[in-house]
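The values are calculated or read from the model by the stated rules, or taken from the named source; none is laboratory data. For clarity, every value in this text was computed on a predicted model and none was experimentally measured. Note that we place each Cβ from the backbone using ideal geometry, even for glycine, and neighbour counts take in every protein chain shown. In case anyone asks, the SASA skips ligands and DNA or RNA and just uses the protein heavy atoms, side chains included. Shrake-Rupley method; radii C 1.70, N 1.55, O 1.52, S 1.80 Å.
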Amino acid sequence: MTAVTAPAVRDGLHQWQQALRAQFPIITGHPELAYLDSAATAQKPRAVLDAVQTYLTTGNANSARGTYTWANRTTELVERTRERVSRFLGDDRPECSAVHFTSGATEGLRTIARDWLPGFLRDGDEIVVPDADHRANIEPWLEAQRLLAGAGVRVRVVPMPYQRSSGDYDHRALAERAGPRTRFVAATHVHHVYGGDMNVHRLRGAVGPDAVICLDAAQSVGHLPVSVAELDVDFVVFSGHKALALPGSGAVWARQERGPAFAPGGWSGTPNTVGIASLEAALDWLEAAGVERIERWTAGLAARLTDGLRRLEAYEVLGCPLSLAADSTVQRRQGIVTLRHRAVESGDLGFVLFSHGFMVRSDNHCQGDAGEKTGSVRVSLHVYNTVEEIDRLLSVLASLS
Ligand code: PMP
């Protein structure tokens, strides 16, 4: 795989991108602003806004509860969107998997930890926890460990090893740490601070055929192709709002082959039907736009930004400083670049950038304790972002060096 260069981005995808950008009313309505915080939440295309409006004005009802058209249509919407999620995730055997709707990635991960993991683990088992990843992918597993300890079941937490140079997982060290009692591995597809693709396709080889792998795909769904068939993982969890759907939507995809079936317990009540309608429209939109092209576009913009930052002494890029990890032709920086000004505090930098119209994220990014603590600013991209925005950002950053 070759690095994506900025000229290739400009030449091959420019018109495609312009046509897509034009479909985001909040973006076209604010030409003076540059939204660079899509890892926190993404903006919505017109098709998603229309799907919500259409649902609420032509068929709003509860699902699985009525005998009339709107109720039946809503039931169909929910079931159809389950299949949509499966297909979007490249599931080639949907009869062996299940899709459960949640309010987002956090709730998805907590549901697995609360309703499934305790029934799977036995006294003396080990779980791998990625303690430099997002807290949403750490706390639930530690909570499950505490709950099980209260019931006399001791579970050992093995910290996921990382490579210092790139922020990628250290798959070799993981293979050494993992033993026959390593039964559950929590991992993240794209790191929300370092922006690296964590090469999760290597996890299976490192932990063996029987361990359950749970993938937090909050930063990858909608940004790059996610194929459960290729990744050989058991759970995929994501947030709808980061994948162009409404806040309060998300899903857990579960393979149902290793361990007990994933069947979240308790009475779950009325599903978020509006969120589900938005999710169906968002996944349709993303597929039509071409997720692989979205990946090339946003990775290309990120490469342009990291290349520009390398010329500016005052800044440091967290994680892999380049777009490609030095020791790999596979790991690739996705559309997230987190940078630090050596002298300006992150909140101040965020404030100054907003005075120039740039919306970025500053603070510790909800990263686990093993992450780097010092303040930084995160620039995160989606298909609506442009080469001009990156160049303008670089010139403002240069003026502050
Ligand atoms: N995992 C990762 C990698 C994330 O970036 C985020 C959100 N920043 C979450 C989980 C939590 O997502 P949500 O707040 O939508 O539940």
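Miscellaneous remarks
- Criterion violated by E176 - all others in (1) open to solvent by 10 Å² or more (accessible area, probe 1.4 Å); (2) in contact with a strand residue (DSSP E or B) (Cβ under 9 Å, 6 or more places away or on another chain); (3) not hydroxyl-bearing (S, T, Y) satisfied: (2)
- Among the residues of region 41-60, the ones that are outside any helix (DSSP H, G or I), in contact (Cβ under 8 Å) with a residue 24 or more places away in the chain, open to solvent by less than 40 Å² (accessible area, probe 1.4 Å) and in contact with a helix residue (DSSP H, G or I) (Cβ under 7 Å, 6 or more places away or on another chain) come to 3 in all.
- Spans of helices (runs of 4 or more DSSP H) in region 162-264 with at least 2 residues within 29 Å of L301 (Cβ to Cβ), assigned by TED's automatic domain parsing to the domain that holds P140 and not charged (D, E, K, R): 228-231
- One residue stands out in region 28-40 among those that are outside any loop (DSSP other than H, G, I, E, B) and under 19 Å from G240 (Cα atoms): the one that is nearest to the ligand (Cβ to nearest atom), namely D37.
- Checklist (1) away from the ligand (no atom under 11 Å from the Cβ); (2) in contact with a Lys or Arg (Cβ under 9 Å, 6 or more places away or on another chain) applied to R146, failing item: (2)
- No other residue among V233, V193, V237, V200 is more than 27 Å from L36 (Cβ to Cβ) and in contact with a strand residue (DSSP E or B) (Cβ under 9 Å, 6 or more places away or on another chain) apart from V233.
- Of the residues making up region 123-132, one or more are within 13 Å of the ligand (Cβ to nearest atom), open to solvent by less than 10 Å² (accessible area, probe 1.4 Å) and assigned by TED's automatic domain parsing to the domain that holds A229.
- Complete set of residues in region 100-115 that are more than 14 Å from the chain's Cα centre (by Cα), within 11 Å of the ligand (Cβ to nearest atom) and not charged (D, E, K, R): T102, S103
- Filter pass, L20 being under 22 Å from the mean Cα position of the chain (by Cα) and either within 16 Å of the ligand (Cβ to nearest atom) or without any contact (Cβ under 8 Å) to a residue 24 or more places away in the chain (or both): no
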